[in-house]
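One structure, as structure tokens, below. Some questions next.
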Amino acid sequence: MAGPDAVPAPILEAESVALAALHAAAFPPAEAWGPDAIGLMLSMAGGFGFQLAGQGFILARAVAGEAEVLTLAVAPAARRRGVASRLLAAALAGAASRGAQAIFLEVSYANIAARALYGAAGFVQVGIRRRYYADGTDALVLRHPLSAA
Ligand SMILES: CC(C)(COP(=O)(O)OP(=O)(O)OC[C@H]1O[C@@H](n2cnc3c(N)ncnc32)[C@H](O)[C@@H]1OP(=O)(O)O)[C@@H](O)C(=O)NCCC(=O)NCCS
């Protein structure tokens, strides 16, 4: 497992099985992504990700000057130690280095932890998708500007 000062490492497609286990630990069963879904995201044009082994990972995509956070998962036992903040910073830098001028994401209105994380990282709400999730909650669309690395 990565130590407290570890730097997020780029994800390889071959790591999808271990990442799926982490995703299942972080999300409710209905929202967990299997190895195939994770592999697919990584193989998409512009797809990339970073991990802190055994603790958490982030997947993102950068295409045509815009980037999107696809998922962010931190194991329950590793939370509130800055893991997500470090992964997010790595993804922002990775998106900027791929030529993106802004990065977007969707987060449930009900996800207080993630909304606090993204707000602290400088994301700003730019839209709302009403009843976006299966349980009827709205999704907030957040944006963070990027400058060239
Ligand atoms: C949301 C999540 C990624 C946060 O991961 P984390 O590693 O615990 O986050 P960090 O330790 O980097 O927290 C950074 C800041 O975010 C905010 N934050 C994180 N968790 C929080 C919580 N449970 N309640 C309130 N604020 C929270 C705080 O401002 C925190 O700073 P602080 O600890 O100095 O107060 C994690 O809880 C998770 O995996 N949740 C389930 C999956 C999920 O919701 N993913 C995001 C989907 S959009």
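Test ALA64 against the stated conditions and say whether it is closer than 19 Å to PHE123 by Cα, of a type in the set (Gly, Ala, Ser) and surrounded by fewer than 21 Cβ atoms within 10 Å (Cβ to Cβ).
Working: closer than 19 Å to PHE123 by Cα: no; of a type in the set (Gly, Ala, Ser): yes; surrounded by fewer than 21 Cβ atoms within 10 Å (Cβ to Cβ): yes.
Taking the combined requirement at face value, the residue does not satisfy it.
For LEU117, are the conditions met, namely being within 13 Å of the chain's Cα centre (by Cα), buried (at least 20 other Cβ atoms within 10 Å of the Cβ), near the ligand (Cβ under 10 Å from one of its atoms) and under 23 Å from PRO29 (Cα atoms)?
Values: within 13 Å of the chain's Cα centre (by Cα): yes; buried (at least 20 other Cβ atoms within 10 Å of the Cβ): no; near the ligand (Cβ under 10 Å from one of its atoms): yes; under 23 Å from PRO29 (Cα atoms): yes.
So LEU117 does not fit the description; no.
While we're looking at this one, here's another question. When the residues of the range 1-15 are narrowed to those that are surrounded by 15 or more Cβ atoms within 10 Å (Cβ to Cβ) and under 15 Å from the mean Cα position of the chain (by Cα), which ends up nearest to GLN55 (Cα to Cα)?
That would be PRO8.
Within the range 120-134, restricting attention to residues that are in a loop (DSSP other than H, G, I, E, B) and in contact (Cβ under 8 Å) with a residue 12 or more places away in the chain, which residue is nearest to PRO8 (Cα to Cα)?
Here is the first cut: in the range 120-134, the ones in a loop (DSSP other than H, G, I, E, B) are 121-123, 130-134.
Those left that are additionally in contact (Cβ under 8 Å) with a residue 12 or more places away in the chain: 121-123, 132-134.
Values: ALA121: 17, GLY122: 20, PHE123: 20, TYR132: 31, TYR133: 30, ALA134: 32 Å.
Among residues in the range 120-134 that are in a loop (DSSP other than H, G, I, E, B) and in contact (Cβ under 8 Å) with a residue 12 or more places away in the chain, the one nearest to PRO8 (Cα to Cα) is ALA121.
What strands (runs of 3 or more DSSP E) completely inside the range 1-119 contain at least 2 residues that are of a type in the set (Phe, Trp, Tyr)?
Working: elements: 47-52, 56-63, 66-74, 102-108.
Filter on the range 1-119 gives 47-52.
Every number in this text was worked out from the coordinates using simple rules, so none of it is lab data. Note that the structure is a prediction, hence the values are computed from the model and not measured. Every residue, glycine as well, gets a Cβ built from its backbone with ideal geometry; the counts of neighbours run over all protein chains shown.
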